[in-house]
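*Asks:* Structure provided below as structure tokens; questions to follow.
The values are calculated or read from the model by the stated rules, or taken from the named source; none is laboratory data. These numbers were taken from a predicted model, which means no experiment stands behind them. Here the Cβ positions follow ideal geometry from the backbone for every residue, glycine too, while neighbour counts run over all protein chains shown.
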Amino acid sequence: MIRKLLLALVVVLLSLAAGQAASAQGNGPIQPTDDQVNAIAKKLYCPVCPNTPLDVCETKACQDWRAQIRDELASGWTEPQIIDYFVAQYGERVLAEPQRKGFTSLVWLLPVLAVALGIGVTWQVLRSWQRARAPAVSAPTDAPPLSAALLDRIERELRDLD
Amino acid sequence: MLADLGLASLFIAFLLSVYATAAGALAGARHREAWAESARNASLLTFPLLTLSVGALVYALYSLDFTLAYVADVSSQTMSPFLRVTALWGGQQGSLLFWAWLMASFVAAVLLRKWRRNRDLMPYFIATSMLTTTFFIGLVVFISNPFARLWLVPGADELTTAVFQPAQAMLYAAEDGQGLNPLLRHFGMIGHPPTTYLGFTGFVIPFSFAIAALLSGKARDEEWIRTSRSWTLVAWIFLTIGLVLGGRWAYDVLGWGGFWGWDPVENAMLMPWLTGTAFLHSVMITEKRGMLKVWSVALIILTYSLSLFGTFITRTGVIGSVHAFAKTALGPVFFAFIGLTFLGSLSLLLNNLKTLRAEHELESVLSRETAFLLQNTLFVGITFAVFWGTVFPMVSELVTGTKVTVGPPYFRAVTGPLFLALLVLMAIAPLMAWRKQSPRGLLRSLAAPLAASAVISAVWGFSHRMHPASFLALWMVSFGSSAIAFEFWKGIRARMQARGENPLKALATLLQRSHRRYGAMVIHLGVLMVAMGFVGDAYFKQETHATVSAGESVQLGGYELRFNGLRQYAGSDGRAILEASATLAQDGRLIRELRPRRDFFVAQDQPSTVPAVLSTPGEDVYVILVGWDEAAMSWATFKMYINPLINWAWAGGVIMVLGTLIAVWSFGEAEASYRLRPGLVASVVVTKE
């Protein structure tokens with residue numbers, strides 16, 4: 001809670017500073033393009049509709065949020081500032097990409113661990129199979145020698161088979 | 001009247017399936033022939049009864065019997081007769097009935113075709129498959145009944161939905177129905193649910209065979225594994241078609257310029273597909289080498305549980321909001337059933353580990369066995385990542401109380417590298433020998449594909465350099481395709497030299513004689529084409545968003561879209577259409593008129609975006625209308641996407657179906673399949689001589 005308040009405070013201060021900077025330039029704010037707005041909106045999720053990225057959502061609420069991103073860009077905010085602002089306002093769930101800290105980092109860690117573990121186990125299994133084989137290596141040596149003609153035929157039939 | 005008949009036969013089907021489950025279990029436990037016959041007859045009879053029930057509901061939808069709550073929900077007078085029939089799977093109640101019917105038809109097909117061949121397993125096969133069928137028919141009868149009617153109870157503000165007449169209530173018939181959700185009126189959404197359901201329900205067959213084999217102590221026999229493999233292939237290909245059609249629907253209807261959004265519902269469908277694919281490969285080791293039996297059984301249990309989980313997610317909407325779970329009795333009942341299925345079959349497997357023990361031995365780590373094992377590890381790893389990402393929002397909310405979103409960036413980052421590793425493995429593994437592969441031999445067969453793919457990807461990547469990783473992705477796709485092309489060429493050349501056949505005849509004989517191997521190669525080729533669609537989507541996609549007045553243009557990647565004007569008119573199906581007229585030009589040359597639309601379904605109060613697309617093998621130009629000047633109709637806002645290689649994904653789906661047909665089709669000849677035994681290959685040929 002305190003962190004959120006602090007964040008909000010920082011954001012407000014920054015926006016004030018940015019606003020002053022913009023007005024100090026005197027020639028008014030630069031109008032950001034739709035593509036610049038969407039580049040940021042893509043990283044956010046609509047806070048009301050289920051599973052819809054903000055850049056493609058067509059509800060009134062989402063249009064307002066995109067307008068807000070535009071205003072913030074116009075007053076000189078950077079992308080991380082805007083994203084932090086939305087997280088402070090609406091919570092972590094607006095982030096399309098889950099954070100890599102706290103409890104949420106588990107979403108990233110577990111699959112990596114699982115795959116590493118899986119490959120480790122596979123390797124062990126393969127080794128144990130190979131060890132199981134080891135004593136019986138010399139078994140087929142006493143097979144009868146085959147004539148060249150027969151070998152040729154085997155080769156041919158195997159080729160046809162496959 | 002017919003609806004009453006449907007309800008009655010639904011109820012009888014429920015009683016019969018309960019009986020079949022019990023009789024099958026009894027026949028299995030006591031080895032009673034008569035009980036087995038009786039269980040079979042009861043199971044076979046559920047199919048025509050459910051057919052009657054489905055027929056009655058379809059007729060009610062077609063003839064607009066608005067006394068039924070379900071019909072009033074999904075059918076309407078403005079809908080065409082064809083759409084009214086497809087409304088069978090347009091809502092929950094109808095979907096579940098349809099699902100139960102498909103499952104009963106699968107069970108009936110097995111009982112008719114395989115009764116003698118897998119006779120020992122049949123009692124428990126019936127018990128397992130009919131237990132699941134009973135569960136679904138039970139859901140339809142008691143929780144989500146499509147034959148429930150609307151009743152007007154005196155003194156109540158709202159209509160009551162009930163199967164039987166509440167006290168003093170009067171039957172209510174609406175003037176017109178709500179009609180099918182407009183977003184579902186598309187060929188993809190008409191074909192997607194039936195194929196997906198066929199895929200999901202089809203997995204009940206290999207699952208029931210596995211459980212029957214475990215229960216009857218016959219799990220060591222390999223006959224049931226062969227039967228399971230072919231039925232899994234059937235389920236798998238339907239699920240594949242369902243995935244492709246679903247992607248196509250999303251691309252055409254949802255209007256966000258993509259085809260795969262890593263939505264929970266999409267993930268729910270992908271997971272059983274992933275483990276099913278792993279099973280189709282592990283079962284080959286079981287078949288050829290008698291190894292990995294426990295693992296194959298575990299995979300089929302997992303696949304089936306995941307398809308139940310998929311149905312659970314789509315039908316209860318639990319991921320979208322946890323609150324949907326408790327809204328009806330469906331969620332908790334379903335959840336309990338999945339838990340019981342998964343844990344029950346897993347403990348059964350663990351109790352039978354001894355009977356399944358097989359001799360595992362391997363000559364060299366460099367062998368096809370290793371490649372298959374690695375493939376299985378990767379597939380299960382991807383499944384876990386997808387599962388964990390899909391359920392994590394719920395986990396997080398339960399544990400910390402914080403709601404989080406796990407969106408496409410997560411799934412791309414985690415599964416992307418694993419999928420790319422699979423593509424490389426897919427190119428190499430079919431060239432490797434069972435038991436032992438000499439490194440030099442492998443390098444020799446890989447030399448040509450490696451050289452060809454290096455040249456192709458360098459040229460291709462250089463002409464479209466946008467992202468460094470794109471070279472790698474393009475290399476992988478071209479490596480896989482050239483490996484397959486060289487394999488075909490080797491086979492054809494061998495036949496041409498040995499038999500003097502012409503190339504076409506050689507190809508035909510190759511596909512006929514080794515249909516499993518070359519069918520699989522064709523499926524792999526289809527997978528690579530789908531992968532190309534994803535590569536295009538990940539690395540080469542371009543988009544822009546702009547508002548223009550009449551006469552002005554939007555520019556993107558060499559294309560120029562000039563906005564000419566807007567017009568409004570009334571369309572069919574009760575929609576009001578707003579259409580933009582625009583001219584697409586490339587490098588100053590006029591190509592085509594594009595008319596992106598926004599359709600508004602007045603009765604349902606729902607808008608629908610209809611993109612205008614210029615589709616070519618290389619890329620799609622995809623334009624949607626997202627905003628407009630309502631007062632003077634003088635300006636419009638467009639979103640314009642260039643989606644490279646996307647048509648390859650759809651074509652890849654078709655090729656995968658074709659490959660599966662080749663693989664399962666035996667052309668009436670004995671299958672040229674063989675098993676390897678230590679040191680026996682040569683002596684087998686000698687005895688033939």
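*Asks:* Mind counting the residues in the range B:9-25 that are surrounded by fewer than 20 Cβ atoms within 10 Å (Cβ to Cβ) and aromatic (Phe, Trp, Tyr)?
*Replies:* Step one: list which residues in the range B:9-25 are surrounded by fewer than 20 Cβ atoms within 10 Å (Cβ to Cβ), which gives B:11-12, B:15, B:18-19, B:22.
Then keep just the ones that are aromatic (Phe, Trp, Tyr); that gives B:11, B:19.
Summing the residues that are surrounded by fewer than 20 Cβ atoms within 10 Å (Cβ to Cβ) and aromatic (Phe, Trp, Tyr) in the range B:9-25 gives 2.
*Asks:* Moving on. With the requirement that a residue be within 25 Å of B:ARG598 (Cβ to Cβ) and within 9 Å of chain A (Cβ to nearest Cβ), what does the range B:246-275 give you?
*Replies:* B:LEU254, B:GLY255, B:TRP256, B:GLY257, B:GLY258, B:GLY261, B:ASP263, B:VAL265
*Asks:* Still on this structure: Here's a check for you: in the range B:543-595, which residue that is basic (Lys, Arg) and within 37 Å of the chain's Cα centre (by Cα) is surrounded by the most Cβ atoms within 10 Å (Cβ to Cβ)?
*Replies:* Going through the range B:543-595, the residues basic (Lys, Arg) turn out to be B:562, B:567, B:575, B:589, B:592, B:595.
Narrowing further to those that are within 37 Å of the chain's Cα centre (by Cα): B:575, B:592, B:595.
Values: B:ARG575: 23, B:ARG592: 13, B:ARG595: 16.
Among residues in the range B:543-595 that are basic (Lys, Arg) and within 37 Å of the chain's Cα centre (by Cα), the one surrounded by the most Cβ atoms within 10 Å (Cβ to Cβ) is B:ARG575.
*Asks:* Looking at the structure I just gave you, is B:GLY320 modelled with pLDDT under 75 and surrounded by 12 or more Cβ atoms within 10 Å (Cβ to Cβ)? Quick ask: steps written out before the conclusion?
*Replies:* On the way: modelled with pLDDT under 75: yes; surrounded by 12 or more Cβ atoms within 10 Å (Cβ to Cβ): yes.
Taking the combined requirement at face value, the residue satisfies it.
*Asks:* Do we have B:SER63 as of a type in the set (Gly, Ala, Ser) and under 27 Å from the mean Cα position of the chain (by Cα) here? Talk me through it step by step, then tell me what you get.
*Replies:* Values: of a type in the set (Gly, Ala, Ser): yes; under 27 Å from the mean Cα position of the chain (by Cα): no.
In short, no.
Every residue, every condition in (1) surrounded by fewer than 18 Cβ atoms within 10 Å (Cβ to Cβ); (2) at positive phi; (3) hydrophobic (A, V, I, L, M, F, W, C), yes or no:
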site: B:GLN168; (1), (2), (3): yes, yes, no
site: B:TYR172; (1), (2), (3): yes, no, no
site: B:ILE211; (1), (2), (3): no, no, yes
site: B:SER228; (1), (2), (3): no, no, no
site: B:TRP236; (1), (2), (3): no, no, yes
site: B:ASP263; (1), (2), (3): no, no, no
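*Asks:* Here's something else I'd like to know. Out of the range B:351-372, which residues are of a type in the set (A, V, I, L, M) and away from chain A (no Cβ under 12 Å)?
*Replies:* Taking the range B:351-372 and keeping what is of a type in the set (A, V, I, L, M), we get B:353, B:356, B:358, B:362, B:365-366, B:371.
The answer is B:LEU353, B:LEU356.
*Asks:* Would you confirm, using the coordinates I've provided, whether B:ARG517 is surrounded by fewer than 20 Cβ atoms within 10 Å (Cβ to Cβ), outside any helix (DSSP H, G or I), in contact (Cβ under 8 Å) with a residue 60 or more places away in the chain and among the basic types (Lys, Arg)?
*Replies:* Working: surrounded by fewer than 20 Cβ atoms within 10 Å (Cβ to Cβ): yes; outside any helix (DSSP H, G or I): no; in contact (Cβ under 8 Å) with a residue 60 or more places away in the chain: yes; among the basic types (Lys, Arg): yes.
No; evaluated as a whole, the condition is false for this residue.
*Asks:* While we're here: Determine if the range B:39-62 includes at least one residue that is charged (D, E, K, R), more than 30 Å from B:TRP151 (Cα to Cα) and part of a helix (DSSP H, G or I). Show your work before the answer.
*Replies:* So in the range B:39-62, the residues charged (D, E, K, R) come out as B:40.
Those still in the list that are more than 30 Å from B:TRP151 (Cα to Cα) too: B:40.
So of that shortlist, the ones also part of a helix (DSSP H, G or I) come out as B:40.
Checked the range B:39-62: at least one residue is charged (D, E, K, R), more than 30 Å from B:TRP151 (Cα to Cα) and part of a helix (DSSP H, G or I).
*Asks:* A follow-up question, please. I'm trying to understand the selection: among the residues of the range B:396-444, which are basic (Lys, Arg) and more than 12 Å from every other protein chain (Cβ to nearest Cβ)? Give the steps one after another, and end with the answer.
*Replies:* Taking the range B:396-444 as the starting set, the residues that turn out to be basic (Lys, Arg) are B:403, B:412, B:435-436, B:440, B:444.
The answer is B:ARG440, B:ARG444.
*Asks:* Being outside any loop (DSSP other than H, G, I, E, B), closer than 18 Å to B:ALA546 by Cβ, more than 8 Å from every other protein chain (Cβ to nearest Cβ) and over 20 Å from the mean Cα position of the chain (by Cα) is true for just one of A:GLN89, A:GLN63, A:GLN81. Which residue is that?
*Replies:* After applying the criteria, what remains is A:GLN63.
*Asks:* Among the residues of the range B:608-630, are any under 30 Å from B:TRP231 (Cα atoms), acidic (Asp, Glu) and modelled with pLDDT under 90?
*Replies:* If we filter the range B:608-630 for residues that are under 30 Å from B:TRP231 (Cα atoms), which is where we start, we get none.
No, because not a single residue in the range B:608-630 is under 30 Å from B:TRP231 (Cα atoms), acidic (Asp, Glu) and modelled with pLDDT under 90.
*Asks:* Let me ask another. For the range B:373-395, which positions are farther than 13 Å from B:LEU425 by Cβ, within 7 Å of chain A (Cβ to nearest Cβ) and among the hydrophobic types (A, V, I, L, M, F, W, C)?
*Replies:* Here is the first cut: in the range B:373-395, the residues farther than 13 Å from B:LEU425 by Cβ are B:380, B:383-395.
From what is left, the residues that are within 7 Å of chain A (Cβ to nearest Cβ) are B:380, B:384-385, B:388-389, B:392.
Across the range B:373-395, the qualifying residues are B:VAL380, B:PHE384, B:ALA385, B:TRP388, B:PHE392.
*Asks:* So which of B:GLN542, B:GLN568 is among the polar types (S, T, N, Q), out of contact with any helix residue (DSSP H, G or I) (no Cβ under 9 Å at 6 or more places or on another chain) and within 30 Å of B:PRO417 (Cα to Cα)?
*Replies:* One residue alone meets the criteria, B:GLN542.
*Asks:* Under 7 Å between Cβ atoms, at least 6 apart or on separate chains: pull out the pairs that start in the range A:89-117 with a residue that is under 12 Å from B:TYR410 (Cα atoms) and end on any residue that is part of a loop (DSSP other than H, G, I, E, B) and among the charged types (D, E, K, R).
*Replies:* A:ALA96/A:LYS43; A:GLU97/A:LYS43; A:TRP108/A:ARG100
*Asks:* Next question. Could you tell me which numbered condition B:THR405 fails, if it satisfies all but one of (1) part of a helix (DSSP H, G or I); (2) under 30 Å from A:GLY102 (Cβ atoms); (3) β-branched (Val, Ile, Thr)?
*Replies:* (1)
*Asks:* Any idea which of (1) more than 29 Å from A:PHE86 (Cβ to Cβ); (2) part of a helix (DSSP H, G or I); (3) among the small types (Gly, Ala, Ser) is the one B:ALA358 doesn't satisfy?
*Replies:* Failed condition: (2).
*Asks:* Being touching a Lys or Arg at 6+ places or on another chain (Cβ under 7 Å) and of a type in the set (A, V, I, L, M, F, W, C) is true for just one of B:LEU61, B:LEU52. Which residue is that?
*Replies:* On the way: B:LEU52 fails: touching a Lys or Arg at 6+ places or on another chain (Cβ under 7 Å).
Checking each option against the conditions leaves just B:LEU61.
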